[in-house]
Amino acid sequence: MNKKVKVVGCQKGAALIVSVLVLLVLTVIGIYAVTTSTLETKISGSFREYQTAFFAADSGTEYGRRVIEIILHNEHLPSDAHPDPDEDHLREEILGSDTSGNPKVKPAIGTYNTEITINRLKTIHMPGGSAEFGGQEVKIAIFYEIDSKVSSRSGAEVTTIYRRMAH
């Protein structure tokens, strides 16, 4: 009449418990994988945005060099240059007649608004000119600092020194 239940060695329901534990472990691994891939996607997106902003700022230094050449050849700036405060102040800075201000050009490079500041630093006579040797033409080096700044979520800034040789 009384049945004895043997607890040790009884495996009824063990498969269910093992399968639930395996599913729990697989769920934790899945959540970790999704979280990691989401984080990596955000990091790569931020890096790509910074990289394109940096390339736009780097292009701004080349744009600044072209602005210097345009003004030295007494040509008009392109319509997308947007000089700040105006083109006359920028010309005075580049030609060296008034270097007290901080004139800028503000072109749109790609999808970025770029602010390019051009400062004339110094002018030096290069060795080997007429002052030193037998009447050759005088060579002058004009140094400019070109600072290109991109305003975006990540932002970037590139500064270069440009040496322009003049005769």
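The values are calculated or read from the model by the stated rules, or taken from the named source; none is laboratory data. This structure is a prediction, so every number in the text was calculated from the model and none was measured. Note: ideal-geometry Cβ built from the backbone for every residue, glycine included; neighbour counts use all protein chains shown.
Among the residues here, Ile71 qualifies as more than 20 Å from the chain's Cα centre (by Cα), assigned to a helix (DSSP H, G or I) and touching a residue at least 12 places away in the same chain (Cβ under 8 Å). Considering each of Ile43, Ile94, Ile70, Ile116 in turn, give the residue that is of a type outside the set (D, E, K, R) and closer than 13 Å to Asp147 by Cβ. Ile116 is the lone residue from the list that is of a type outside the set (D, E, K, R) and closer than 13 Å to Asp147 by Cβ.
Out of all the residues in region 39-49, is one or more part of a helix (DSSP H, G or I), touching a residue at least 24 places away in the same chain (Cβ under 8 Å) and among the small types (Gly, Ala, Ser)? The answer is yes; a qualifying residue exists. Is it fair to say Leu26 is closer than 30 Å to Ile140 by Cβ, without any contact (Cβ under 8 Å) to a residue 40 or more places away in the chain and not aromatic (Phe, Trp, Tyr)? Against the criterion (closer than 30 Å to Ile140 by Cβ, without any contact (Cβ under 8 Å) to a residue 40 or more places away in the chain and not aromatic (Phe, Trp, Tyr)), Leu26 does not qualify. On the given criteria, is Thr36 outside any loop (DSSP other than H, G, I, E, B) and free of Cβ contacts under 8 Å to residues at least 12 places away in the same chain? The answer is yes for Thr36. Can we say Thr41 is touching a Pro at 6+ places or on another chain (Cβ under 8 Å) and more than 18 Å from Ile142 (Cβ to Cβ)? It is false that Thr41 is touching a Pro at 6+ places or on another chain (Cβ under 8 Å) and more than 18 Å from Ile142 (Cβ to Cβ). If the condition is being among the aliphatic types (A, V, I, L, M), under 30 Å from Leu90 (Cβ atoms) and out of contact with any helix residue (DSSP H, G or I) (no Cβ under 8 Å at 6 or more places or on another chain), then region 15-67 contributes Ala53, Ala56, Ala57.
If we keep just the residues of region 86-125 that are surrounded by 15 or more Cβ atoms within 10 Å (Cβ to Cβ), part of a strand (DSSP E or B) and not polar (S, T, N, Q), which is farthest from the chain's Cα centre (by Cα)? Within region 86-125, the match that is farthest from the chain's Cα centre (by Cα) is Arg120.
For region 112-151, a residue qualifies if it is β-branched (Val, Ile, Thr) and at pLDDT 85 or above, and the qualifying residues are Thr114, Ile116, Thr117, Ile118, Thr123, Ile124, Ile140, Ile142, Ile146, Val150. Can we say Lys139 is buried (at least 16 other Cβ atoms within 10 Å of the Cβ), of a type in the set (D, E, K, R) and in contact with a His (Cβ under 9 Å, 6 or more places away or on another chain)? No; evaluated as a whole, the condition is false for this residue.
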